[in-house]
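Visitor: Got a structure for you, questions after.
Each value in this text was obtained by applying a stated rule to the coordinates, not by laboratory testing. Keep in mind the model is a prediction, meaning the values are calculated, not measured. Because the Cβ atoms are built from the backbone with ideal geometry, glycine has one as well, and the counts that use them run over all protein chains shown.
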């Protein structure tokens, strides 16, 4: 007997949308009811059709015209587009997972506030850098709440950054820094993103700097180990590759994310961490809806 699954809609057929589609179709509780974009000849639409997935080039209107086609909507378009989509999806009463740095919905980092987010109609996945660094900074602040400033540098392969990512660089850095401050309560935070064009493409890695006086390295290392183990439950390629170390009055932690290679190769860990986090939210919502 085939198990019932909750249908999702994916708006946006670029890198993030395509990777989400592969992950959704592999899920035990989710399936794609509609994969929608604006270009009927896009590579994403072609891929979805080859998988036997229902597609549309009417974007959000495909859901407006047929609201029963999905219960959950992933918006993988752009921050500007989501400002338009959000009120429409709210009126349709769709549980919405926003993959853009629009800052419309409740910011979500699953290991920190999943329960709260399941009670919100619109959930924002911050950014890939936010998903990666917020838990690390949260751990730093837990051990050293007196920390006043953190700075993160996210370096990703240029090939993993699609059109929407490039158009939203300013929103990305602002949303990442706001997410860091909202979750960790650090007074000041700065985020920098580097699109590295090297060949072969680099694996996503993030460097976190924090101004900490006399850090307890042993205690912080233990907390980070616990946090990493929890993240790896839904992002297996997440690991700390250096630190925590303290020198020149600065605490440094470096981590990397290797992707699952679902749509883009393993170097696209930036897609993987935000999409794995989003699917984690969707699956938990679906499980509760199926009870």
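Visitor: Give the relative contact order (percent, whole number) for the chain; include only Cα pairs under 8 Å separated by 6+ residues.
Guide: RCO, the chain: 18 percent.
Visitor: First measure r as the distance between the Cβ atoms of residue 291 and residue 248, then evaluate 1/(1 + (r/R0)^6) with R0 = 35 Å and state the FRET efficiency to the nearest 0.05.
Guide: 0.10
Visitor: Taking the 0 to 90 degree range and rounding to the nearest ten, how far is the long axis of helix 269-290 tilted relative to the main principal axis of the chain, both from C-alpha atoms?
Guide: 60
Visitor: Hey, in the GNM for the chain with a 10 angstrom Cα cutoff, which one of 65, 19, 262 fluctuates hardest?
Guide: 65
Visitor: Taking the C-alpha atoms of region 128-268, how large are the radius of gyration and the largest Cα-Cα span, Dmax, in Å?
Guide: Looking at region 128-268, its Cα Rg and Dmax stand at 14.8, 44 Å.
Visitor: How high is the FRET efficiency between residue 166 and residue 217 when r is their beta carbon distance and R₀ equals 45 Å, given to the nearest 0.05?
Guide: Computed FRET efficiency for residue 166 and residue 217 comes out at 0.75.
Visitor: How high is the relative contact order of region 128-268? Use alpha-carbon pairs under 8 Å, at least six apart in sequence, and give a whole percent.
Guide: Worked out over region 128-268, it gives 28 percent.
Visitor: Turning to a different aspect of this structure: Multiply the residue gap between residue 148 and residue 83 by 0.36 nm, knock off their C-alpha separation, and tell me the result in nm, one decimal place.
Guide: Taking 0.36 nm per residue and subtracting the Cα distance, the gain is 20.2 nm.
Visitor: Once you put a point 7 Å from the Cα of residue 106 and another 7 Å from the Cα of residue 39, both along the Cβ direction, what distance in nm separates them?
Guide: It works out to 3.6 nm between the two label points.
Visitor: Could you tell me the center-to-center distance, by alpha carbons, between region 52-79 and region 102-157 in angstrom?
Guide: 27
Visitor: Order by neighbour count: 8, 24, fewest other Cβ atoms within 10 Å first, most last.
Guide: Least to most surrounded, the residues fall as 24, 8.
Visitor: Sticking with this one: Which one of 106, 58, 214 has the biggest mean-square fluctuation once the chain is modelled by GNM with Cα springs under 10 Å?
Guide: 214
Visitor: Please arrange 246, 238 by counting, for each residue, the other beta carbons lying within 10 Å of its beta carbon, fewest first.
Guide: Fewest-to-most ranking of 246, 238: 246, 238.
Visitor: Relative to the longest principal Cα axis of the chain, at what angle does helix 217-231 sit, 0 to 90 degrees, rounded to 10?
Guide: Approximately 10 degrees, to the nearest 10.
Visitor: To the nearest 500 deg cm²/dmol, what mean residue ellipticity at 222 nm is calculated for the chain from DSSP H runs of n ≥ 4 alone, each contributing -39,500 (n - 2.57), summed and divided by the residues?
Guide: Estimated from H runs of four or more residues: -13000 deg cm²/dmol.
Visitor: Next question, about the same structure. Using only Cα atoms, find the angle between the long axis of helix 128-143 and the longest principal axis of the chain, and express it within 0 to 90 degrees, rounded to the nearest 10.
Guide: 40
Visitor: Please compute one quarter of the surface area of the Cα convex hull for region 206-284 and express it in square nanometres.
Guide: 5.8
Visitor: Just to be sure I understand: with springs between alpha-carbon atoms less than 10 Å apart, which residue in 157, 81, 277 has the highest mean-square fluctuation in the Gaussian network model of the chain?
Guide: 81
Visitor: Calculate, in whole percent, how much of the Cα-Cα pair population of region 22-125 lies beyond 19 Å.
Guide: That fraction is 46 percent.
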